[in-house]
1. For region 50-63, which residues satisfy the criterion of being assigned to a helix (DSSP H, G or I) and either over 20 Å from residue 125 (Cα atoms) or modelled with pLDDT of 95 or more (or both)?
2. Would you point out the residue of region 96-132, among those that are in a loop (DSSP other than H, G, I, E, B) and in contact (Cβ under 8 Å) with a residue 24 or more places away in the chain, that is nearest to residue 44 (Cα to Cα)?
3. So, of the residues in region 171-189 that are over 9 Å from the mean Cα position of the chain (by Cα) and under 16 Å from residue 30 (Cβ atoms), which turns out to be surrounded by the most Cβ atoms within 10 Å (Cβ to Cβ)?
4. For region 25-49, name all the residues that are surrounded by fewer than 21 Cβ atoms within 10 Å (Cβ to Cβ), in contact with a helix residue (DSSP H, G or I) (Cβ under 7 Å, 6 or more places away or on another chain) and in a helix (DSSP H, G or I).
5. State yes or no: is residue 157 part of a helix (DSSP H, G or I), surrounded by fewer than 14 Cβ atoms within 10 Å (Cβ to Cβ), touching a residue at least 40 places away in the same chain (Cβ under 8 Å) and within 17 Å of the chain's Cα centre (by Cα)?
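The values are calculated or read from the model by the stated rules, or taken from the named source; none is laboratory data. Computed from a predicted structure; not experimentally measured. Cβ atoms come from the backbone with ideal geometry, glycine included; neighbour counts cover every protein chain shown.
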């Protein structure tokens, strides 16, 4: 088989399409998360788009926009709370003055652990979200799933650590990290 035939076959392969979809979802979610309070609803819409793509359903851009509107209408409060908690955790983990505060290093470690656990729960919420879902119910179910599915939780923690390391090493990849994290969350979520 010639190199051009192998390349043409790779372009038609499902694996390349999935990779392209993960990159596209990462870009969409990163763009829609710029206002910060929309990060959780944008992740939920991105998770729904990835689920549709994997299932072979229609994954047109207007479906993402429709899901984003639905997630924002019903989940703006959850997004605002997530943004506030995220901001507090970022301040606790990155503020240089934490070293001068008694117990500051311990608080930094606790904040890092809390950020990873809450990030895992947020990823599970985004992977489980449906347009008709209630955010409180999703949050409870995601927290219970995080505690009961230790393998999936370990994989999500590993995905968060790897995505953080990748972004730390090359900051422009921050626009692709949401897609990678959502792909991991959809992969470990139970199938309906």
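1. Just the residues of region 50-63 that are assigned to a helix (DSSP H, G or I), to begin with: 50-55, 61-63.
Of everything in region 50-63, those that are assigned to a helix (DSSP H, G or I) and either over 20 Å from residue 125 (Cα atoms) or modelled with pLDDT of 95 or more (or both) turn out to be 61, 62.
2. The extreme case among them is 129.
3. Restricting to residues being over 9 Å from the mean Cα position of the chain (by Cα) and under 16 Å from residue 30 (Cβ atoms), the top hit is 176.
4. 27, 30
5. The answer is no for residue 157.
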